[in-house]
There are 2 protein chains.
Amino acid sequence: MFMPRRIQHCRVCGQRTEYRIPADDNRERAVCTNCGEIHYENPLNVVGTVPVWGEQVLLCKRAIEPRRGLWTLPAGFMELGETTAEGALRETVEEAGARIELQGLYTVLNVVRAGQVHLFYRARMLDTHLDPGEETLEARLFHEHDLPWDEIAFRTVRQTLEHFFADRRAGRFDLHTGDIG
Amino acid sequence: MFMPRRIQHCRVCGQRTEYRIPADDNRERAVCTNCGEIHYENPLNVVGTVPVWGEQVLLCKRAIEPRRGLWTLPAGFMELGETTAEGALRETVEEAGARIELQGLYTVLNVVRAGQVHLFYRARMLDTHLDPGEETLEARLFHEHDLPWDEIAFRTVRQTLEHFFADRRAGRFDLHTGDIG
């Protein structure tokens with residue numbers, strides 16, 4: 001089971017924590033040995049988009065690790081103060097500089113080993129202007145037959161793209177949920 | 001904007017943090033003044049179910065704060081090591097002792113002010129045996145006309161129930177997404 005044990009000191013008082021099961025709980029948490037503060041560690045959301053221009057889909061070549069040099073859909077960690085949709089839109093602007101209109105929530109994919117849930121929205125590009133940010137080496141539109149399938153950065157991105165092209169052939173886009181083993 | 005600033009000490013070395021914008025970032029994080037560790041704070045997922053037995057829906061009367069004494073669908077924070085669906089199932093067992101079979105992901109509701117995303121699955125109860133846990137005063141099946149609408153604990157629960165009964169009348173259950181203001 002995913003259990004990082006990264007919290008060695010208490011966020012409130014700075015003293016050492018120990019991992020134990022608190023009263024009224026059933027799993028180990030980092031508990032402060034001084035003030036008793038309990039530190040919970042939970043999965044994080046990664047939010048992104050499938051930006052579409054006509055028959056083409058926008059991908060970004062990663063300028064940062066992990067998977068530097070591989071292609072991804074624009075996506076990143078959801079931040080406090082925003083909705084999943086707002087986060088997906090923000091990441092698309094930050095990574096590709098694309099102007100988009102969000103459509104529906106399209107995939108919700110669990111990545112248990114990473115402690116993450118990836119949520120992708122379909123999005124309509126409003127024009128082809130792109131302005132990649134510092135996390136992106138290159139942003140480019142791809143037709144399905146040109147897509148760099150061997151250079152996709154993440155399995156959730158690959159699955160989302162596979163669903164997208166299959167659904168487009170079928171003429172109907174439904175929500176897809178799934179788990180990455 | 002939601003910005004809790006709860007991290008006063010570094011989880012790695014225990015020294016004081018300060019909130020500032022790290023290099024290559026665009027928002028304030030708790031950064032350790034000693035070792036430079038950056039502490040990210042992100043929204044959390046709450047996962048739950050709409051357990052259904054025939055015409056009835058299962059609700060739990062909360063034994064704990066917040067909203068002690070009010071009724072909720074079984075739900076709680078998603079944990080590391082599980083998928084959204086596994087977490088929803090676990091919470092239903094822990095809070096109601098119900099045996100269920102999960103159906104589709106049904107609502108994805110952003111609660112920005114709480115820094116949470118609530119995800120509810122539809123679920124079919126396999127029998128009417130219930131065994132409420134310590135967080136639940138009472139678990140009970142309700143027909144729509146009996147539902148304690150004035151005593152619902154959370155707005156995401158209310159919205160999910162409203163969608164459920166409307167969709168049941170319409171004969172079709174689709175995913176619903178939304179934001180709680």
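The values are calculated or read from the model by the stated rules, or taken from the named source; none is laboratory data. This one's a predicted model, so the numbers in the text were calculated from it and none came from an experiment. We place every Cβ from the backbone using ideal geometry, glycine too, and count neighbours over all the protein chains shown. These area figures cover heavy atoms from the full protein model, side chains too; ligands, DNA and RNA do not enter into them. Shrake-Rupley method; radii C 1.70, N 1.55, O 1.52, S 1.80 Å.
Some notes on this structure:
- Taking region A:136-174 as the range and being over 15 Å from A:Gln56 (Cα atoms) and among the acidic types (Asp, Glu) as the test, the residues that pass are A:Glu138, A:Asp150, A:Glu151, A:Asp174.
- Test result for B:Gly76, out of contact with any Ser or Thr (no Cβ under 8 Å at 6 or more places or on another chain), farther than 15 Å from B:Phe164 by Cα and either within 12 Å of another protein chain (Cβ to nearest Cβ) or buried (at least 22 other Cβ atoms within 10 Å of the Cβ) (or both): yes
- Just one of the listed residues (B:Thr160, B:Thr107, B:Thr177) is over 23 Å from A:Arg27 (Cβ atoms) and open to solvent by 70 Å² or more (accessible area, probe 1.4 Å), namely B:Thr177.
Here is a yes/no grid of residues against (1) within 14 Å of chain B (Cβ to nearest Cβ); (2) without any contact (Cβ under 8 Å) to a residue 12 or more places away in the chain; (3) not β-branched (Val, Ile, Thr):
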| residue | (1), (2), (3) |
| --- | --- |
| A:His9 | yes, yes, yes |
| A:Glu18 | yes, no, yes |
| A:Ala30 | yes, no, yes |
| A:Thr33 | yes, no, no |
| A:Gly36 | no, yes, yes |
| A:Gly48 | no, no, yes |
| A:Gln56 | no, no, yes |
| A:Glu82 | yes, yes, yes |
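- Scanning region B:139-157 for residues that are of a type in the set (Phe, Trp, Tyr) and surrounded by 13 or more Cβ atoms within 10 Å (Cβ to Cβ) yields B:Phe142, B:Phe154.
- Exactly one residue out of B:Glu91, B:Glu86, B:Glu101, B:Glu95 is more than 24 Å from B:Ile180 (Cβ to Cβ), touching a strand residue (DSSP E or B) at 6+ places or on another chain (Cβ under 6 Å) and acidic (Asp, Glu): that is B:Glu101.
- Annotation note: Cβ proximity below 6 Å between a residue of region B:135-155 that is over 16 Å from B:Pro66 (Cα atoms) and touching a residue at least 40 places away in the same chain (Cβ under 8 Å) and a residue that is loosely packed, with under 14 Cβ neighbours inside 10 Å and of a type outside the set (Phe, Trp, Tyr) (sequence gap 6+ or interchain) occurs for B:His143/B:Glu55.
For (1) in contact with a helix residue (DSSP H, G or I) (Cβ under 8 Å, 6 or more places away or on another chain); (2) open to solvent by less than 10 Å² (accessible area, probe 1.4 Å), each residue gets a yes or a no:
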residue: A:Asn34; (1), (2): no, no
residue: A:His39; (1), (2): no, yes
residue: A:Val50; (1), (2): yes, yes
residue: A:Leu89; (1), (2): no, no
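- Residues located in region B:90-122, provided they are under 12 Å from the mean Cα position of the chain (by Cα) and among the aliphatic types (A, V, I, L, M): B:Val108, B:Leu109, B:Val111, B:Ala114, B:Val117, B:Leu119
- Among residues of region B:163-174 being farther than 25 Å from A:Ala85 by Cα and of a type in the set (A, V, I, L, M, F, W, C), the one that is surrounded by the most Cβ atoms within 10 Å (Cβ to Cβ) is B:Phe165.
- Tally of residues being more than 18 Å from A:Asn110 (Cβ to Cβ) and at the interface with chain A (Cβ under 10 Å from one of its Cβ atoms) across region B:115-132: 1
- For region A:58-73, a residue qualifies if it is away from every other protein chain (no Cβ under 11 Å) and open to solvent by 40 Å² or more (accessible area, probe 1.4 Å), and the qualifying residues are A:Lys61, A:Glu65, A:Pro66, A:Arg67, A:Arg68, A:Leu70.
- Selection within region B:139-166 - charged (D, E, K, R) and more than 17 Å from B:Gly48 (Cβ to Cβ): B:Glu144, B:Asp146, B:Asp150, B:Glu151
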